Amino acid sequence: MLTLRGKGVSGGVAIGRARLLHREKMKIKQYAVSDIEAEWRRYEAALTKTVSELERLYEWSREEIGHENAQIFSVHAMMAQDEDFNDAVRTIIVGQGNNAEYAVSMAAQQFSSAFAEMDDAYMRERATDVGDIAQRILQNLTAGRQGEATDKSDTPTGEGDIICAENLTPSETVQLDRHSVSAFVTAQGSANSHTAILSRTMDLPAVVGVGDGLGAIEDGVIIAVDADNGEVYVDPDAPTLRALRLRIEQNAHARTILQKYRGRESRTLDGHRIEICANIGGIEDMEEVIRNDADGVGLFRSEFLYLGRTDFPSEEEQFEAYRRVLERIPGKRVVVRTLDIGADKKATYFGLAPEENPALGMRAIRISLTRPDVFLTQARALLRASCYGTLAVMFPFVTSTEEVRRLMSLWERAKADLRERGEAYADRVEIGIMIETPAAAIISDRLAPLVDFFSIGSNDLTQYTLALDRQNAALDEFCDSHHEAVLRLIRHTVQSARRAGIWVGICGELGADLALTEEFLRMGIDELSVTPTSVLPLRERVCTLRVERQESMVDDYTKTGGEL
């Protein structure tokens, strides 16, 4: 038995036969072309076909993996049409007289290298995207499927196959037969790779970054994946197989038990109720929300309406999206986060200037406040949709009371616009803010009287409190979301909310951390919003706890003068 070690990015255990995916490298030749304009038209035809394929792939995959994850293919279509990339291709074809295949290959290498050398780990992963896009264009130029990942196993694939590859592109991952695949193993990749993201969505165990160890895996050999511990066992011995099969049975039994929590309130043994809601990226994710019996939507990431396109979504388009989500869960609250473009979510048509440190740059409400026309369009769409359900709206990345006052002024202006147009909106829409920075947490006592609720974005709060880039895999050992400073800021925020009489929730990854559920309940958290598949495990945890809330928190807060 050989043990390989990597990083588990989607938990669970699987046993099956290795299915190796090999990517045959395309042989690109450079040659001079006699008819340059005809060569450029040939490239344009291949590009048009590529964009069309990506758009179809988006439409298909959003039904399979949800809008948020399928969005990568819209982004790929936009990247394929990127002006800088196409200018680079044109220079090599028209300016230098080379063939289109060579031009695409050289331009892709240039852009891929630029991404790979970036400091930001998330942006480094985009080098894979460039390669995927270029491969599609090259395949359309050669009118063949040369260079595509192919199955080299001598045995037919069947249930329990474990996909092993150097890396997997998004298109390869989503088009695998989900019924015959039980896990992923890759030599490269990180927690931010598309393999990792999609494996979590597909609820399949995945271990990435096993490096050269991948070469020790032969087609058809039995392997076992322990993604909880980041280990892969090649030709496992009998004791290892017994232990892992027992864990698979235990996991399956646990999933069966979870079903008894469907339709139940999320209430502790001593009567404290908490709302367990779901995070979504669009209407396509609502099936998972309903299937997992969430108490509502605690985070609708509205920025996904802005991504993967070449112009701003209209008021009517946004209104329809919000209305459809609200109508799917009548009587349950839907919390929409206003657009959070910037940082790792790019939309070129916004015309944002390049930034050395985008995580600290022009993003979220900073765009809303400097581009009020964009915010007002979204606000009017939200207000119109509020007639169709229970809507709440929250503003991301707030750092001051002045920002909240300015946003509320714009919100009132949107209402005035609708009154002038004679259009209806709900009398009552809760307005909240996200607590994502130490600044917001520290002055939460000043912010609380201005709003109806807080939603703590624990991912960003951890990042900014600990001064680290959470997209950088090299910093994983330093990214301690249980850090005393993070928990103290959360506790202070809850105290501020309690004192002002508003409700408070958590919508980051910490919300699904079962090790902290009891602590959050004791603090007085009212809502936890998590991925849809985390709803029932979290409800089970809540329903088995006996928790006495820290009702003395307000007194303690007063005694200390609100100090942390």
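The values are calculated or read from the model by the stated rules, or taken from the named source; none is laboratory data. Remember, it's a predicted structure, so these values are computed and weren't measured experimentally. Glycine gets a Cβ as well: all are built from the backbone with ideal geometry, and neighbour counts include every protein chain shown. What goes into the accessible areas is simple: the full protein's heavy atoms, side chains included, and nothing from ligands, DNA or RNA. Shrake-Rupley method; radii C 1.70, N 1.55, O 1.52, S 1.80 Å.
Computed quantities for the displayed model
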| read-out | value |
| --- | --- |
| Two-decimal log10 I(q)/I(0) for the stretch 5-56, as the Debye equation yields it once each C-alpha is a single scatterer, q = 0.16 Å⁻¹ | -0.82 |
| Relative contact order (percent, whole number), the stretch 406-506, Cα cutoff 8 Å, 6+ residue spacing | 30 percent |
| Alpha carbon convex hull of the chain, volume per residue in cubic angstrom | 158 Å³ |
| When the stretch 316-418 is reduced to its Cα atoms, the Kirkwood hydrodynamic radius in Å | 14.6 Å |
| Accessible-area composition of the chain, carbon plus sulfur, in percent [1.4 Å probe] | 47 percent |
| Value of relative contact order over the stretch 215-307, rounded to a whole percent, pairs C-alpha under 8 Å and six or more apart | 17 percent |
| Largest-first principal axis extents of the Cα set of the stretch 66-112 (Å) | 43, 16, 14 |
| Relative contact order of the stretch 278-372, defined on C-alpha pairs under 8 angstrom at six or more residues apart (%) | 28 percent |
| Nearest-ten-degree value, helix 121-142 long axis tilted from longest Cα axis of the chain | 40 degrees |
| Equivalent-ellipsoid semi-axes of the stretch 302-343, from the Cα gyration tensor, Å, largest first | 22, 13, 7 |
| Sequence ranges 389-398, 7-16, ranked by mean other-Cβ count within 10 angstrom, highest first | 389-398, 7-16 |
| Nearest 10 degrees, 0 to 90: helix 36-65 Cα axis against the chain principal axis | 40 degrees |
| Which listed pairs, of Lys260/Lys332; Lys7/Lys332; Lys7/Lys27; Lys7/Lys49, have C-alpha distances above 27 Å, in listed order | Lys7/Lys332; Lys7/Lys27; Lys7/Lys49 |
| Cα centroid separation, the stretch 240-298 to the stretch 394-431 (Å) | 34 Å |
| Size of charge dipole - the stretch 313-453 - debye, nearest 20, with Cβ of Lys, Arg +1 and Asp, Glu -1, no other charges | 240 debye |
| Cα long-axis angle, helix 401-421 against the chain (0 to 90 degrees, to the nearest 10) | 90 degrees |
| The stretch 179-263: Cα Rg divided by the 2.2 N^0.38 Å rule of thumb | 1.22 |
| Accessible area of Trp60 in the full protein assembly, 1.4 Å probe (Å², nearest 10) | 110 Å² |
| Mean Cβ neighbour count within 10 Å, used as a protection proxy, ranking 272-285, 367-380 highest first | 272-285, 367-380 |
| Phi to ³J(HN,Hα) by Karplus 6.51 cos²θ - 1.76 cosθ + 1.60 over the stretch 532-543, Hz, x for Gly, Pro | x, 6, 8, 4, 5, x, 5, 5, 4, 4, 4, 6 |
